[in-house]
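Bear in mind these aren't lab numbers, they're just calculated from the coordinates by the rules spelled out. From a predicted model like this one, the values you see are computed outputs, not experimental measurements. FYI the Cβ positions are ideal-geometry reconstructions off the backbone, even for glycines, and counts take in every protein chain you see.
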Amino acid sequence: MNSTPTARYVWLANRLHSEIRKGLWVPGQRLLSVRQLGLAYSVSVTTALAAYRRLEDLQIIESRPKRGYFVRASMGGKAPRENNRAEVGQDDPQDSHASQNRQEHSPSTSFGAAVCCDSLFPTNALARHISTAVRHDNGILSRPSSTLGSASLRLALAAHAATWNCHVDDNSILVTNGCVEALSLALRALTSPGDTVLVDSPTYFGYLSTIAQLQLIPLAIPFLSAPLEALNMVINLARNGKIAACILAPTVSNPSGTSMSEDGKQRLVDLLDTLSIPLIEDATFNDLHFNSTQRAAKSYDRTGNVVLCSSTSKTLMPGTRLGWVAGGRYHQSIVSIKGNTSATPPLVVQRALGDFLQGGGYQHHLRRFRRRAKAQVLETLAYIQEQFPSGTSARLPDGGYLLWVRLPDSRSATELAMCASSEGIRIAPGPMFSPMGKFRDYVRINCGFQLDAPRRAVLRRIADIATALVHPTELSDLDIDIEK
């Protein structure tokens, strides 16, 4: 490839155009920031910006003020192929990078979105609770919920929060449309456009998407991988400028699956309170820690500075998108924003979930869920260690059903995801989990399904592609088309 600046930005623009035509970026989707693009392809910011402007001139993408670059809904160039959305969940919006595939794969053979097999959930029991709620009160289907949500559900959620050592009043809980909305409401209540928000490194890309939509600036700190260093960094940052908020999953983070120690949680809560930096705690995976239920950081909060957000989407009712938030001293502001933007989930769903939680079935379900999730993670981990190229590393997470896998080549994650996507196989490359496009040698692998024969075959194919990327001389044997 010609290395002159002009040829380089043309090459990059052509590369992006090719990805758009293949459906790897869909109409209306936000592209990487100029800085992230430069990091992802090892080019300067000037080159990355020139590539975007070339595509903008060709009416393939468009610039939106203060928001970034987006794929045009109607392009001057060749339209991208239709997106296959068979298994995309709302909690994993960027896992919708799809393609017109040479080989179609079902949700059960995808390793991209953080979703689970239906058999892990108590679907029949929940269906009975919904049926009972309608049978005893058929008017429940036509009545709207209150702004806060069902009283019985909020009582049940407050009781469940107590298992995390959090003592919150049911009137300080707001029911939301999934945890993503809960986190968004909290950020909207605590920040203004242009503010800086602390996130973990790596962090869940859903945070980054919401932060971008609210025109905030993410700043990645290694809270879980280097907690003592992170706390010192926070102190220095607070001295040099205002930090509006910190958003973090201290227990079973996504994507790494790591957890902060109890001492670390308490020190974090105390420090942020001293510095007047609100903590938005994502407790989505708290119930899936392999050593049973863990304390939440909120349990150490004595001033209302911690906003606790969670959801049943990952543990109980994925299809209902039901979440909740306990906003501490910021709760009324969060409730006000919610009341002006969206309604709560259907009342019948809230009633059924509240009855299920109060009936004691949830704890029994969680014990079974954790056992199966751990078994699937261990099985997938062993297969990766057996099949992936030498030098690949991964560790058993503290909980959940996600594996954070490090590849032996420092630039192979994005290429691996792109090559796999061209065959209809989805994984989540590491740069998605960093505001600076870091972790280019990492991929997130979903273990939410049992590793049966079809799933093993797909994982083996991912391993073959990874091996080919690490050892290019083997490309011809594997018939992989990689654009250089």
Calculated [θ] (222 nm, deg cm²/dmol) that DSSP helices of n ≥ 4 give over the chain, each run adding -39,500 (n - 2.57): -12500 deg cm²/dmol
Order by neighbour count: C117, C179, C309, fewest other Cβ atoms within 10 Å first, most last. C117, C179, C309
Using the C-alpha gyration tensor of the chain, what are the square roots of 5 times its eigenvalues, in whole angstrom, with the largest one first? 37, 26, 23
antiparallel share of DSSP beta bridges within the chain, to nearest 5, in %, is 60
Stretched out fully, how many nm does the piece from E262 to S342 gain, at 0.36 nm a residue minus the Cα gap? 25.2 nm
Which loop trypsin sites (Lys or Arg not before Pro) in the range 271-379, with loop taken from DSSP, have no more than 15 other Cβ atoms within 10 angstrom of their Cβ? R302
Check the chain and count each lysine pair with an alpha-carbon distance under 29 angstrom, considering only pairs eight or more places apart or from different chains. 26
Sorted by Cβ density within 10 Å, fewest first, the residues D57, D195: D57, D195
Taking 2.2 N^0.38 Å as the expected size of a compact globular protein, what ratio does the Cα radius of gyration of the range 219-359 give against it, to two decimals? 1.13
Cα centroid of the range 195-219 to Cα centroid of the range 270-305, whole Å: 18
The residues S253, S421, S119, sorted from fewest to most surrounding Cβ atoms within 10 Å, come out as S119, S421, S253
Hey, any idea what Rg/Rh is for the range 123-359, computing Rh the Kirkwood way over Cα pairs? 0.98
